[in-house]
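Q: Sending over a structure as structure tokens; questions will come in a sec.
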Amino acid sequence: MVFPVKKKIFLTAVAAIAIVAVSIAVSAEMPDARVADLEKPCVNSSEVGLLLQMRMLWEEHVVWTRMLIISIAGNLSDTQPVTERLLRNYDDMEEAFLPYYGEEAAQKYGGLIEDHLLIAADLVKAAKAGNATAVADAEMQWYQNADNISIFLNETNPSWSLNETKAMWYNHLNLTKQEAVARLTKNYTTDIDVFDMIRRQAAGMAGDQTQGIIEQFPDKFGKC
């Protein structure tokens with residue numbers, strides 16, 4: 001479709017306003033995160049685009065993890081399709097890494113995220129069944145996986161501090177455990193409160209990844 005010149009100018013202006021509005025909203029929601037639009041004097045559309053992509057991936061990560069916790073806790077018949085949808089997240093995260101780190105590194109990252117998600121499912125199932133031994137084993141694997149992810153990210157991009165990255169992943173795991181326990185014990189008010197914290201914390205992780213990629217590959221994002 002060919003737009004008249006005035007309409008093209010109008011649509012361009014609307015798009016620019018939308019980018020700025022989204023950038024401001026993202027910043028307001030995660031004041032403690034290392035976010036690109038908080039650490040630069042100006043932000044271009046490519047940087048905002050990456051931030052929004054990472055935000056979407058992490059939002060889906062925690063939302064579908066929550067959906068699986070609810071399904072397992074309630075013995076719902078949708079557990080398998082929900083699991084399958086959750087596992088699409090590791091593919092999507094792998095795809096997001098591909099343009100910057102190549103196929104081998106992207107696949108390794110995707111594999112680590114896949115393990116993280118599968119272990120989380122095993123942990124909730126074991127807790128639901130009251131199998132303390134299986135819970136302890138899954139939890140040990142989960143934190144080892146978080147260590148492996150943190151090491152991989154730090155080796156891939158020095159901007160991602162090993163200690164800070166590990167702390168973020170441990171926080172993510174701790175909050176998810178709290179969410180699962182609250183849901184399994186039918187403490188729904190706590191369950192909701194913790195999920196709100198999980199969303200904010202995940203937004204911070206998305207911001208940290210965005211900032212690290214922009215710092216490592218400035219030429220891919222251009223100038224304001």
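Q: Assuming R0 = 25 Å, what is the FRET efficiency of N171 and C224, from their Cβ-Cβ distance, to the nearest 0.05?
A: 0.20
Q: Using a cut-off of 12 Å between beta-carbons, work out the net charge of the residues near E95 (Lys and Arg +1, Asp and Glu -1, E95 not included).
A: Around E95, the charge tally is -3.
Q: Quote the FRET efficiency, to the nearest 0.05, computed for A129 versus M56 with a Förster distance R0 of 41 Å and r equal to the Cβ-Cβ distance.
A: 0.80
Q: Let me ask something additional. Which listed residue (L117, S150, M205) has the Cα farthest towards the positive end of the charge dipole for the stretch 117-210, taking +1 on Lys and Arg C-beta and -1 on Asp and Glu C-beta about the Cα centre?
A: Final value for the positive-end residue is L117.
Q: Taking 7 Å along the Cα-to-C-beta vector as the label spot, tell me the I151-E95 distance in nanometres, rounded to one decimal.
A: Modelled inter-label distance: 3.0 nm.
Q: Still on this structure: With 23 Å as the limit, write out which pairs from K108/K177; K125/K186; K166/K223; K108/K128; K125/K166 have Cα-Cα distances beyond it, or answer none.
A: Those over the limit are K108/K177; K166/K223; K108/K128; K125/K166.
Q: Note down the Stokes-Einstein diffusion coefficient of the stretch 93-148 in µm²/s, whole number, using a Kirkwood radius over alpha carbon pairs, 4 °C, and 1.567 mPa s.
A: For these conditions, the coefficient is 107 µm²/s.
Q: Could you give the dipole magnitude of the stretch 148-224 about its Cα centre, charging the beta-carbon of Lys and Arg +1 and that of Asp and Glu -1, in debye to the nearest 20?
A: Dipole size: approximately 180 debye.
Q: Give me the distance in nm between label points sitting 7 Å out from Cα along the Cα-to-Cβ direction at F217 and L162, one decimal.
A: For F217 paired with L162, the spin-label model returns 2.5 nm.
Q: How far is it, in nm, from the label point at E103 to the one at D137 when both lie 7 Å from their Cα along the line to the Cβ?
A: 3.6 nm
Readers should treat all values here as calculations from the given coordinates under stated rules, not as data from a laboratory. Predicted model, so just to flag it, every value in this text is computed and none were measured. Here the Cβ is made from the backbone with ideal geometry for all residues, glycine too, and neighbour counts use every protein chain on show.
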